[in-house]
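Chemist: Just dropping this structure here.
The values are calculated or read from the model by the stated rules, or taken from the named source; none is laboratory data. Since the model is a prediction, treat every value here as computed from it, not as a measurement. We place every Cβ from the backbone using ideal geometry, glycine too, and count neighbours over all the protein chains shown. Surface accessibility is based on the protein's heavy atoms, side chains included, excluding ligands, DNA and RNA. Shrake-Rupley method; radii C 1.70, N 1.55, O 1.52, S 1.80 Å.
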Amino acid sequence: PALLTQSLQLGVTLLLGLYVLNASYGFEGSFRRLGDFRFVSESLGGPVEPGVVVGRNRFAGTWLGAVPMPVPRNYLEGIDVQKRDFESHYWSYLRGEWGQQGWWYYYLYGLAVKVPLGVWALALLAAGLGLCRRGYAAAWRDELTVLAPAAAVLTLVSGETGFNHHLRYVLPIFPFCFVWMSKAARVPASRERKLPEWPRLLTAGATGWAVVSSLLVYPHCMSYFNEAAGGPANGSAHLVDSNIDWGQDLFYLRDWLKEHPEARPLELAYFGFVDPRVAGIEFKTPPMGPTDADDARRAEYGRIGPYPGWYAISISMSRGYAHSVPNGSGGSLYVPLHGLSYFHRFDPVAHAGWSIYIYRITPEQCAQMRREMGLPALPEPAGAPSESR
């Protein structure tokens, strides 16, 4: 009877979850037959045919194609688009290394450096109490109900190694983990033996540690890294992209520029989705650095950085990210892999938040760095980057 009751409760919970999911989409396209979709990924659409980008469906004409999908149309199509991205094998970054596919341990590593150490302490405390103290242990079915969804999500996303960019893909595991960890703070149900107070004290200390650690980085929460990782100042040594830099510090750069009018003219490589001119920032794009032997030869014509001047560089770009950036005149410029990584050779003079670093490259620093990089010296007097391009 107890097992039947728990099964019914789980079934009702799943049905309620499906209802909330469909309701949030206004039931748009809910219960559409699987065979009526047009997919773009190979997993759902089948092998790519020459000249056909959309309109494929590997389930059409099969019995599965007649099955109604209990999710909104856009929800399933969003999964399809995400699956296509994984199949594209974009460049991925982890611990200073770039690869044209991901790593199965990417999300485990990301959790290790992004989750506050106080939260990790709570997890270890909950595990230890559950194993060693009966008063803190729940029935194995209850433990499984909470931990199985978290393990399933982590396993599912870790198996997608086409590319790794965003730790946010494992965010659904946190509610389950927090519920499971809460056992460390509950009052023991057993009256046969009084359990000590130290678990509650350790829980309070670990919780306080996590809160204080997070508040010390506020409001730059996206750039948070725990103390073992070196904090946000060292975050890009571990992860880039949305894990630290999503263009969120543009207005902090604007405020810094207002306080430092000497930082003109400014050359900016902004890893974001808004033209910085919207924030009142006038800029040009910095020169690309040498990325191969041909680039080094083209440096003889004065088209390869570094150059003296003021620069604001998003941390993802200085770590070598290949991406399009606004060019200051309403268009965009594609930065190749490692196109701006030479900025990591310089020490920034300031930073806007923890995602945009500001550099003042003097003629002396520029000349020394060009020698170290094997680039020809700039003519005297050194022209501005915009003049050379």
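Chemist: I'd like the full set of residues that are among the aliphatic types (A, V, I, L, M) and over 11 Å from residue 229 (Cβ atoms), limited to segment 112-132. Walk me through it before giving the result.
Modeler: Looking only at segment 112-132, we keep the residues that are among the aliphatic types (A, V, I, L, M), and these are 112-113, 115, 117, 119, 121-127, 129, 131.
Within segment 112-132, 119, 121, 122, 123, 124, 125, 126, 127, 129, 131 qualify.
Chemist: Another question about this same structure. Does segment 101-122 hold any residues that are within 23 Å of the chain's Cα centre (by Cα) and under 17 Å from residue 198 (Cβ atoms), and which are they? Outline the logic, then answer.
Modeler: Taking segment 101-122 first, the residues within 23 Å of the chain's Cα centre (by Cα) are 101-120.
Within segment 101-122, 118 is the sole residue that qualifies.
Chemist: In segment 256-265, is there at least one residue being of a type in the set (Gly, Ala, Ser), open to solvent by less than 10 Å² (accessible area, probe 1.4 Å), at negative phi and touching a strand residue (DSSP E or B) at 6+ places or on another chain (Cβ under 7 Å)? Write out each step before concluding.
Modeler: We begin by selecting, within segment 256-265, every residue of a type in the set (Gly, Ala, Ser); these are 263.
Next, only the ones that are open to solvent by less than 10 Å² (accessible area, probe 1.4 Å) stay: 263.
Of the ones still in play, those that are also at negative phi are 263.
Pick out the ones that are also touching a strand residue (DSSP E or B) at 6+ places or on another chain (Cβ under 7 Å) and you get 263.
Scanning segment 256-265 turns up at least one residue that is of a type in the set (Gly, Ala, Ser), open to solvent by less than 10 Å² (accessible area, probe 1.4 Å), at negative phi and touching a strand residue (DSSP E or B) at 6+ places or on another chain (Cβ under 7 Å).
Chemist: Which condition number does residue 117 fail, the rest of (1) within 16 Å of residue 166 (Cα to Cα); (2) surrounded by fewer than 17 Cβ atoms within 10 Å (Cβ to Cβ); (3) at pLDDT 95 or above being met?
Modeler: (1)
Chemist: Of the residues 324, 355, which single one is open to solvent by less than 10 Å² (accessible area, probe 1.4 Å), hydroxyl-bearing (Ser, Thr, Tyr) and under 23 Å from the mean Cα position of the chain (by Cα)? Break it down into steps so the answer makes sense when it comes.
Modeler: On the way: 324 fails: open to solvent by less than 10 Å² (accessible area, probe 1.4 Å).
Checking each option against the conditions leaves just 355.
Chemist: Taking segment 240-278, which residues are outside any loop (DSSP other than H, G, I, E, B), more than 18 Å from residue 329 (Cα to Cα) and of a type outside the set (Phe, Trp, Tyr)?
Modeler: Kept after step one, since they are outside any loop (DSSP other than H, G, I, E, B), are these residues of segment 240-278: 241-243, 250-259, 266-269, 276-278.
Checking the rest, the ones that are also more than 18 Å from residue 329 (Cα to Cα) come to 241-243, 251-253, 255-259.
If the condition is that a residue be outside any loop (DSSP other than H, G, I, E, B), more than 18 Å from residue 329 (Cα to Cα) and of a type outside the set (Phe, Trp, Tyr), then 241, 242, 243, 253, 255, 257, 258, 259 are the ones that fit.
Chemist: Could you count how many residues in segment 147-182 are in contact (Cβ under 8 Å) with a residue 60 or more places away in the chain and small (Gly, Ala, Ser)?
Modeler: 1
Chemist: From the set of residues in segment 95-112 that are buried (at least 17 other Cβ atoms within 10 Å of the Cβ) and in contact with a helix residue (DSSP H, G or I) (Cβ under 6 Å, 6 or more places away or on another chain), which is nearest to residue 18 (Cα to Cα)?
Modeler: Ranking the qualifying residues of segment 95-112, first place goes to 107.
Chemist: Among the residues of segment 22-46 satisfying the criterion of being out of contact with any Phe, Trp or Tyr (no Cβ under 7 Å at 6 or more places or on another chain) and hydrophobic (A, V, I, L, M, F, W, C), which is farthest from residue 57 (Cα to Cα)? Give the steps one after another, and end with the answer.
Modeler: Going residue by residue through segment 22-46, those that are out of contact with any Phe, Trp or Tyr (no Cβ under 7 Å at 6 or more places or on another chain) are 22-24, 26-33, 36-44, 46.
Next, from what is left, pick out any that are hydrophobic (A, V, I, L, M, F, W, C): 23, 27, 31, 37, 39-40, 44.
On the way: 23: 26, 27: 22, 31: 17, 37: 7, 39: 6, 40: 8, 44: 6 Å.
Across segment 22-46, the extreme among qualifying residues is 23.
Residues are listed down the side, and each one gets a yes or a no for (1) outside any helix (DSSP H, G or I); (2) over 18 Å from residue 88 (Cβ atoms); (3) modelled with pLDDT of 95 or more:
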residue: 23; (1), (2), (3): no, yes, yes
residue: 27; (1), (2), (3): yes, yes, yes
residue: 43; (1), (2), (3): no, no, no
residue: 49; (1), (2), (3): yes, no, no
residue: 54; (1), (2), (3): yes, no, no
residue: 58; (1), (2), (3): yes, yes, no
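Chemist: Take the conditions open to solvent by 20 Å² or more (accessible area, probe 1.4 Å) and either modelled with pLDDT under 95 or more than 20 Å from residue 224 (Cα to Cα) (or both) and apply them to residue 336. Does it pass?
Modeler: Values: open to solvent by 20 Å² or more (accessible area, probe 1.4 Å): yes; either modelled with pLDDT under 95 or more than 20 Å from residue 224 (Cα to Cα) (or both): yes.
Criteria met by residue 336.
Chemist: Hey, another quick one. What tally of residues in segment 121-132 results from selecting those that are under 23 Å from residue 152 (Cβ atoms) and in contact (Cβ under 8 Å) with a residue 40 or more places away in the chain?
Modeler: Going residue by residue through segment 121-132, those that are under 23 Å from residue 152 (Cβ atoms) are 122-124, 126-127, 130-131.
Filter again for in contact (Cβ under 8 Å) with a residue 40 or more places away in the chain, leaving 122-123, 126, 130.
Result for segment 121-132: 4.
Chemist: OK, next. Output the number of the condition that residue 310 fails; it satisfies all remaining conditions of (1) more than 21 Å from residue 377 (Cα to Cα); (2) open to solvent by 20 Å² or more (accessible area, probe 1.4 Å); (3) in contact with a strand residue (DSSP E or B) (Cβ under 6 Å, 6 or more places away or on another chain); (4) modelled with pLDDT of 95 or more.
Modeler: Evaluating residue 310 over (1) more than 21 Å from residue 377 (Cα to Cα); (2) open to solvent by 20 Å² or more (accessible area, probe 1.4 Å); (3) in contact with a strand residue (DSSP E or B) (Cβ under 6 Å, 6 or more places away or on another chain); (4) modelled with pLDDT of 95 or more leaves (1) as the failure.
Chemist: Residues that are more than 10 Å from residue 269 (Cβ to Cβ), out of contact with any Asp or Glu (no Cβ under 7 Å at 6 or more places or on another chain) and among the hydroxyl-bearing types (Ser, Thr, Tyr): find the strands (runs of 3 or more DSSP E) completely inside segment 297-361 holding 1 or more of those.
Modeler: Working: elements: 309-314, 323-326, 332-335, 350-352, 356-361.
The strands (runs of 3 or more DSSP E) meeting that bar are 323-326, 332-335, 356-361.
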